[in-house]
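Heads up, the thing below is written out as structure tokens.
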There are 2 protein chains.
Amino acid sequence: MPTDITSTESQIRDYRLKLGDKIRQVREQRGYSQEQLADMMDINRSTISKIENGKFSITVDYLVRFSISLDYEFKVIER
Amino acid sequence: MPTDITSTESQIRDYRLKLGDKIRQVREQRGYSQEQLADMMDINRSTISKIENGKFSITVDYLVRFSISLDYEFKVIER
DNA sequence: ATTAAACAGCGGGGGCAACGCTATAAATTC
DNA sequence: GAATTTATAGCGTTGCCCCCGCTGTTTAAT
């Protein structure tokens with residue numbers, strides 16, 4: 001029996017937004033602008049903006065990059 | 001100054017493989033075949049095989065699906 | 001009040017990798 | 001050796017992400 005799809009989809013949406021907020025929060029805590037962090041991670045600045053605003057679902061490769069540059073351990077899903 | 005790219009890339013590759021192993025480990029621990037899990041997650045069975053063998057980098061959306069169906073909290077990156 | 005500079009949001013075209021789908025072979029278990 | 005499970009390959013589609021550009025907001029200096 002499949003997990004309830006409606007619930008799953010909303011959890012996915014919720015987590016995407018939560019992750020964006022968390023990235024922004026940690027970035028600001030570290031004192032980085034989007035541009036500074038983008039340079040450190042060697043990715044595009046507008047991409048960071050879109051990620052922080054939950055515009056799309058990033059790959060784990062990129063989440064690892066954030067984790068390294070921000071020195072922060074992300075949890076999927078936080079319980 | 002950008003983070004050392006060589007190191008970053010190897011960490012990304014390492015994590016991709018570690019994540020695949022972890023997914024397989026938890027799946028077997030739960031007693032699911034790849035097909036059973038694929039049905040639960042409403043994704044393709046061959047995709048699960050490829051992910052467990054680190055053939056590509058999954059999106060966070062999919063990691064959330066795994067987390068829900070396996071009832072397991074993934075950490076990026078584990079410290 | 002005006003200007004400049006720093007920062008962030010967002011739209012859109014384009015390339016390519018993620019993922020679906022199907023089939024086949026290989027491995028594992030009985 | 002049959003049945004089940006898994007690996008892998010090829011091809012098509014979708015969407016992540018790059019890259020460029022413009023806008024809006026804020027702050028500071030003049």
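The values are calculated or read from the model by the stated rules, or taken from the named source; none is laboratory data. Note that the coordinates shown come from a computational prediction; the quantities given were computed from them, not determined experimentally. Backbone-built Cβ (ideal geometry, glycine too); neighbour counts: all protein chains shown. All accessible areas refer to the heavy atoms of the entire protein, side chains included, with ligands and DNA or RNA removed. Shrake-Rupley method; radii C 1.70, N 1.55, O 1.52, S 1.80 Å.
What aspartates and glutamates does residue B:18 reach when the alpha-carbon gap must be under 16 Å and sequence neighbours fewer than 8 apart in one chain are set aside? Leaving aside aspartates and glutamates fewer than 8 places away in the same chain, those within reach of residue B:18 are A:61, A:73, B:9, B:28, B:52, B:73, B:78. Compared with the dominant principal axis of the Cα atoms in chain A, helix A:5-29 is inclined by about 20°. Computed from phi, the 3J(HN,Hα) profile of the stretch B:49-65 under the Karplus parametrisation 6.51, -1.76, 1.60 (θ = phi - 60°) reads 4, 5, 5, 4, 9, x, 6, 7, 8, 7, 7, 4, 3, 6, 4, 5, 4 Hz, with x in place of Gly and Pro.
In peptide A:60-73, what is the residue-averaged number of other protein chain Cβ atoms found within 10 Å of each Cβ?
Mean number of neighbouring Cβ atoms from other chains: 6.
The accessible area of residue B:13, taken with all protein chains in place and a 1.4 Å probe, comes to roughly 150 Å². Charging the Cβ of each Asp and Glu at -1 and of each Lys and Arg at +1, and nothing else, the dipole of the protein assembly as shown about its Cα centre rounds to 20 debye. Computed over chain B with a Gaussian network model linking Cα atoms closer than 10 Å, the most mobile of B:31, B:54, B:20 is B:31. For the residues of B:30-43, the average number of beta carbons from a partner chain within 10 Å of their own beta carbon is 1.
Between the amide H of residue A:74 and those of B:76, B:77, distances stay under 5 Å, these residues lying 5 or more places away or on another chain, with hydrogens modeled in the peptide plane.
For the stretch A:27-79, build the charge dipole from Cβ charges (+1 Lys, Arg; -1 Asp, Glu) around the Cα centre, then report which of A:47, A:67, A:29 sits farthest towards its positive end. After comparing all options, I get A:47. Using only side-chain charges placed at the Cβ, +1 for Lys and Arg and -1 for Asp and Glu, the dipole size of chain B relative to its Cα centre rounds to 140 debye.
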